[in-house]
Amino acid sequence: MDRPIIGMPTAPRAGPGSRRVLLGATALSLGAWLPLSGACGGPDIAPAVLVFRGGTIATMDPAEPRAEAVAVRDGRIVHVGDEAGVAPYVGPSTEVVDLAGRMLLPGFHDTHVHPVSGGVELGECDLNPARSRADVVRIVSECRARGAPATWVRGGGYQLPIFPDGAPARELLDSLVPDRPAYLTSADGHTAWVNSRALELAGVTAATPDPPPDGLVVRDADGRPQGTLRESAMRLVGRHVPEHTQAEIEAGLRLGLEMAARLGITTVHEASAGEPYARAYAAAERDGWLSARAVVALTVDEGRGVDQIDDLVALRSLYRGRLARPAAAKVFLDGVIEAGTAALLAPYDDRPGWRGELRFDPDTLTALVGALDDAGFKVHVHAIGDRAIRVALDAFEAQHARDGGAGPTHLMAHIQLIDPDDIGRFAELGVAASFQPLWFYADTYITDLTEPRLGPARSRWLYPARSVTESGALLVAGSDWSVSSMDPLDAIEVALTRRDPDLDEGPSWIREERLDLETMLRAYTIAAAEAGDLAHETGSITLGKSADLVVLDADLHALPPERISDARVDLTVFEGRIVYRR
Ligand SMILES: [Zn+2]
């Protein structure tokens, strides 16, 4: 979702040595634990807070992939090894978790998620549970009844395929909310549904042009706004919706983090943050309720070029914490295929001559990526169409040619339609490939809104995750919640089956691109830590690393792929603290 950066602060710029200081501090804390590796059963070993034993422990550390027992103290892993070696760590106050056939893993990393906006949505008119038009009607009616008169009915999360052409009409919303303005966004955040009152307030009429670069006011036969606004046209009405207060934003983050903890997630890559969101993460850390590490991507303003780098650097230094770090910058490069707004190399099959629009021209993007990399930012690119993906890779390649890949690890999210010629370039350029595996099956988004727009030849290259990983790329995963479920186990299942997670049989969609369990476990743990430049600190169960852990109620290796989404998280540990217990 697109949140503008507002109220840019005038904080001092981060000094050039700031990144080094950060790394040095981490190395120190790691080093403090290293002598313990030699202390095996010595009498002076302080008791652990937590000990795990008796089940499958998949460390995701290639040097020691399996262990019998793990001990945790002061937020760190102080023992990984055999049962005998853990005994000296068990004291009177140690909680010993008998895994009893269950599974201990490093905590999951979600490399593309919107904990704040998703959490805010949960507190508003939440259409995410709606599966049908009737559900939408019922939920919106309830929202209208609940809200104060004269305020906006706002929220979102509706699925585009519920409505013909993914374009719900204002007449339906007028019948549900006749007296107040209503603004509801689709689950993917690229479309808004508004009623007549909202269009009136915003002054949007038949005479209003489609706003550049990619806005689309869907119109009826008479040219009047039909009630659906796409991409930058959303702002025509969206800018009249009252801003969320900082308290609402922080309450949203709290809900988002609670959901992450329930699902075993201990690192999030916040996919798009303006200043209020960055401030919310900093507040969560300061006040002690940040239950996951956060790599926060500050939103890059598409209306500006490299002149905004200083402002982003200022935000980074203002809100940088130990756990929540605005270390990344988010660039939205195109829209989505379902709405015909993704940037394609060849025209859409259903709209002759139309290839979608890039939100940045390639030269501007190359300059931006270069300047962000030079300033030490991880670039987090939203790219969906094969042209957006190629243009982004070109920009990374230009930077790679200048500095040989010395900068931070960059990441491209969604990567829905990859031209086969570009598949190998993720590995060549060291760009992390962040898929949303829950999208790897033929739901109505694919069958009704995507494949007909692309045709069969191109559709073969939708989410070619196996081809990407076999080319040697750093494959990671994310939910894009609240676009779709945040549950990593749902996503892992679909990556393996390429089938609806609710179905236990049936054909796999593009079956040659199915992934294996080890690849997916890496994608959610150590590979993601590498993509976050956090592998020195988390991502595997390794002596001295942060105790970021999850206990599942089953050993995933023992389950058939179609049962993986049935497994449940029993316990989530972040920095040695239990942040969720079922
Ligand atoms: Zn997103």
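Read the figures in this text as sums done on the coordinates, not as results from a lab. Quick caveat, the model's predicted, so the values are computed rather than measured. Neighbour counts run over all protein chains shown; Cβ positions are idealised from the backbone, glycine included.
Taking the C-alpha atoms only, the angle from helix 309-319 to the longest principal axis of the chain is near 50 degrees.
Distance between the C-alpha centres of segment 139-186 and segment 314-331: 35 Å, rounded to the whole angstrom. Segment 358-435 and segment 57-119 have their alpha-carbon centroids 34 Å apart. Compared with the direct C-alpha span, the chain from R582 to R511 gains 22.1 nm at full extension, assuming 0.36 nm per residue. Amide H to amide H, with H built 1.01 Å from N, G155 comes under 5 Å of C125, Y183, T185, counting only residues 5 or more places away or on other chains. About the centre of its Cα atoms, the chain shows a dipole size close to 1100 debye [charges on the beta carbon of Lys, Arg (+1) and Asp, Glu (-1) only; nearest 20 debye]. Tilt of helix 133-146 relative to the longest C-alpha principal axis of the chain, in degrees (0 to 90, nearest 10)? In the chain, helix 133-146 runs at an angle near 90 degrees to the longest axis. The helix-only estimate of mean residue ellipticity at 222 nm for the chain, built from DSSP H runs of length n ≥ 4 each weighted as -39500 (n - 2.57), is -8500 deg cm²/dmol after division by the residue total. Taken one residue at a time, the phi angles of segment 444-457 give Karplus couplings (6.51, -1.76, 1.60, θ = phi - 60°) of 5, 4, 6, 6, 9, 10, 10, 4, x, 7, 10, x, x, 5 Hz. Gly and Pro are set to x.
With respect to the chain, whose longest principal axis is taken over its alpha-carbon atoms, helix 386-403 is tilted by about 50°. Farthest towards the positive end of the charge dipole of the chain, among the residues P115, M60, V49, is the Cα of V49, using unit charges on the Cβ of Lys, Arg, Asp and Glu. With 0.36 nm allotted per residue and the present C-alpha distance subtracted, the A169-R351 stretch has 63.4 nm of extension available. Segment 195-223 and segment 499-524 have Cα centres lying 41 Å from one another. Mind running the shape call on segment 439-582? Use the C-alpha gyration tensor, a ≥ b ≥ c as the square roots of the eigenvalues: rounded below 1.5 for a/c, prolate if a/b tops b/c, oblate otherwise. Verdict is prolate for segment 439-582.
Largest first, the extents of the alpha carbon coordinates of segment 220-365 on the three principal axes equal 54, 34, 32 Å.
Summing Cβ point charges (Lys, Arg +1; Asp, Glu -1) relative to the Cα centre of segment 211-357 gives a dipole of roughly 460 debye.
Averaging the sequence gap over all C-alpha pairs within less than 8 Å and six or more residues apart, then dividing by the number of residues, gives the chain a relative contact order of 18 percent.
Would any residue of segment 495-539 have its amide N under 18 Å from a label point 7 Å out along Cα→Cβ of T447? List them or say none. The answer is 497-511, whose backbone nitrogens lie closer than 18 Å to the label point. All Cα-Cα distances of segment 328-383, cut into 10 Å bins from zero to the largest, leave 24, 43, 24, 9, 1 percent in each bin in turn. Just to verify a number: FRET efficiency for H557 and L503, C-beta to C-beta distance, R0 = 25 Å, to 0.05? Rounded to the nearest 0.05, the efficiency is 0.70.
Projected onto their three principal axes, the Cα atoms of segment 419-478 cover extents of 34, 24, 14 Å, largest first.
Along its principal axes, the chain has C-alpha extents of 84, 50, 49 angstrom, given from the largest down.
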